[in-house]
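> Mind having a look at this structure? Questions to follow.
What follows draws every value from the coordinates through simple rules; no lab data is involved. Everything numeric in this text was worked out from a predicted model, so none of it was measured. Neighbour counts are summed over all protein chains in view; Cβ atoms, including those assigned to glycine, are modelled from backbone coordinates with ideal geometry.
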Amino acid sequence: MAKEDLKKYRDALEHAKQEFTKRSLAKMLELSGAEPHGESGLVIRYGGKLYQVQYPGGEISPCESKEQGDWVEITDQILILQYLTEVCGVPPRGTWISFRELPWGNNHYAAFKLEAMDPLAKRFGSSPAEFTLACLSLGGKKLAMGDLAFIIPVFPRLHLACSLWLADEEWPARVNILFDVTASMHLSTESLNVMGNNMAEKIIAEIDKG
C-alpha cells in the first residue's frame with residue numbers, strides 16, 4: 001500500500017473511532033444486529049466471520065483468532081466501525097439495486113466494475129463450483145439470478161448479491177454486484193464501494209488462500 005493511501009486510511013480509521021464513541025453501546029446493539037460481549041463490547045458478524053469490538057475505544061479483533069493481536073485489515077476495521085455508527089436498524093428487503101443506482105454511484109461505476117466485478121468474473125468465469133464454495137464459506141445463500149448467484153450477508157442488516165454469468169463460446173464471463181435497496185440507509189456510497197471491493201477480494205481469497 002502506498003504511503004499516501006496508508007495515511008488516508010489511518011486518518012479515516014481515527015475519524016471512524018471518534019464517531020464510534022459518539023453513539024451509545026446500547027443503541028448500537030439495538031440497531032446493528034450485534035451481540036453484547038462482556039461489560040464493554042460487542043460481537044458483530046462481518047463477511048462471514050465474527051469480530052469483537054471494544055467500546056468506547058473501537059479496537060477490533062477476530063473472535064476466531066488463535067493468537068492475541070491478530071491483525072484486521074484497516075479497511076475492514078473502518079467499515080465495521082462505520083456500520084455500527086451509522087446503521088439505522090432497518091432490515092434488508094431482498095430487493096436489489098446496482099451500484100449505479102446508489103446516490104452518485106453512476107459517477108464511480110466504471111472504477112467499481114474494474115476493481116470489484118471484473119476480478120470476480122476473471123477468477124470464476126469458468127469455475128462455478130469454486131464460486132459456489134467461496135460464497136457459501138462467507139455465509140452466502142443461493143439466489144435465482146444469472147447462471148449462479150448468492151446473497152452475501154456482509155453485516156446483519158446489510159446484504160449484497162453477487163451474480164455470475166459463465167463464459168461461453170460467444171460471451172466472456174460477467175459478474176454483477178448488487179446492493180439491497182436499504183444499503184444507503186446504513187452506509188454512504190463511498191463506504192459501500194469499499195465494502196463491495198473488500199467482499200470481492202474475500203470471495204477470491206476463500207479459494208486462493210491455500
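> Suppose we flag chymotrypsin sites (Phe, Trp or Tyr not before Pro) only when DSSP calls them loop and at most 13 other Cβ atoms lie within 10 Å. Which is the longest uninterrupted stretch of the chain?
By the stated rule (loop sites, at most 13 other Cβ atoms within 10 Å), 105-210.
> I want to check the label-to-label distance for V43 and I74. Put each point 7 Å from Cα in the C-beta direction and report it in nm to one decimal.
2.9 nm
> How much length, in nm to one decimal, is gained on full extension between E169 and S126, taken as 0.36 nm per residue of separation minus their Cα-Cα distance?
Length difference between fully extended and current span is 14.3 nm.
> Now, a different point. Residue-wise, which Karplus ³J(HN,Hα) couplings in Hz belong to the range 34-48, taking 6.51 cos²θ - 1.76 cosθ + 1.60, θ = phi - 60°, and x for glycine or proline?
Karplus values, whole Hz, x for Gly and Pro: 6, 10, x, 9, x, 8, 9, x, 8, 10, 10, 8, 9, x, x.
> With +1 on each Lys and Arg Cβ and -1 on each Asp and Glu Cβ, and nothing else charged, work out how big the dipole of the range 3-86 is about its Cα centre, in Debye to the nearest 20.
Using only the charged Cβ atoms, the result is roughly 160 debye.
> Counting other Cβ atoms within 10 Å of each Cβ, which trypsin sites (Lys or Arg not before Pro) in the range 67-140 have at most 16 and sit in a DSSP loop?
R93
> Can you pull a Stokes-Einstein diffusion coefficient for the range 1-109 at 25 °C (0.890 mPa s), Rh from Kirkwood over Cα pairs, as a whole number of µm²/s?
Value of D from the Cα-based Kirkwood radius: 160 µm²/s.
> Measuring from label point to label point, each 7 Å out along Cα→Cβ, what is the W104 to H15 span in nm?
Simple spin-label model gives 1.1 nm for this pair.
> Would you please give the FRET efficiency between L114 and C88, computed as 1/(1 + (r/R0)^6) with r the Cβ-Cβ distance and R0 = 25 Å, to the nearest 0.05?
Numbers: r = 30 Å, r/R0 = 1.22.
The pair L114/C88 has a calculated efficiency of 0.25.
> Something else: Reported to two decimal places, what Rg/Rh ratio describes the range 96-208 when computed on Cα atoms with Rh from the Kirkwood expression?
Across the range 96-208, the Cα-based Rg/Rh ratio is 0.94.
> Considering only DSSP states other than H, G, I, E and B, which GluC sites (Glu not before Pro) in the range 148-191 qualify as loop sites with at most 15 other Cβ atoms within 10 Å? Mind dumping the intermediate values first?
Details: sites: E169, E170, E190; in loops: E169, E170.
Passing both the DSSP loop test and the Cβ count: E169, E170.
> A further question follows. For A205 and D147, what does the FRET efficiency come to when R0 = 25 Å and r is the distance between their Cβ atoms, rounded to the nearest 0.05? Don't jump to the answer; show the numbers that get you there.
Details: r = 22 Å, r/R0 = 0.89.
Computed FRET efficiency for A205 and D147: 0.65.
> Are there trypsin sites (Lys or Arg not before Pro) in the range 1-50 that DSSP puts in a loop and that have at most 10 other Cβ atoms within 10 Å, and which ones?
For trypsin sites (Lys or Arg not before Pro) across the range 1-50 that sit outside H, G, I, E and B with at most 10 neighbouring Cβ atoms in 10 Å, the list reads K22.
> Rounded to whole Å, give me the distance from the Cα center of the range 130-145 to that of the range 172-187.
After rounding, the separation between the Cα centres reads 15 Å.
> Let me ask something additional. Just how far, in whole angstrom, is the range 15-88 from the range 101-126 if you go by their alpha carbon centroids?
27 Å
> Starting from the amide H of Y46, placed 1.01 Å from N in the peptide plane, find each other amide H under 5 Å away whose residue is 5 or more places distant or on another chain.
Under 5 Å from the amide H of Y46 lie the amide H atoms of Y51, each far enough along the sequence or on another chain.
> Averaged across orientations, what area in nm² does the convex hull of the alpha carbons in the chain project? Write out the running numbers ahead of the final one.
On the way: hull surface 49.4 nm².
Answer in nm², one decimal: 12.4.
> Okay, next question. Short version: ³J(HN,Hα) in whole Hz for each residue of the range 18-26, in order, from phi by Karplus 6.51 cos²θ - 1.76 cosθ + 1.60 (θ = phi - 60°), x for Gly and Pro, what are they?
Once θ is set to phi - 60°, the couplings for the range 18-26 become 5, 5, 4, 5, 7, 9, 5, 4, 4 Hz.
> Here's another thing I want to ask about it. Dipole of the chain, Cα-centred, from +1 at each Lys and Arg C-beta and -1 at each Asp and Glu C-beta, to the nearest 20 debye?
360 debye
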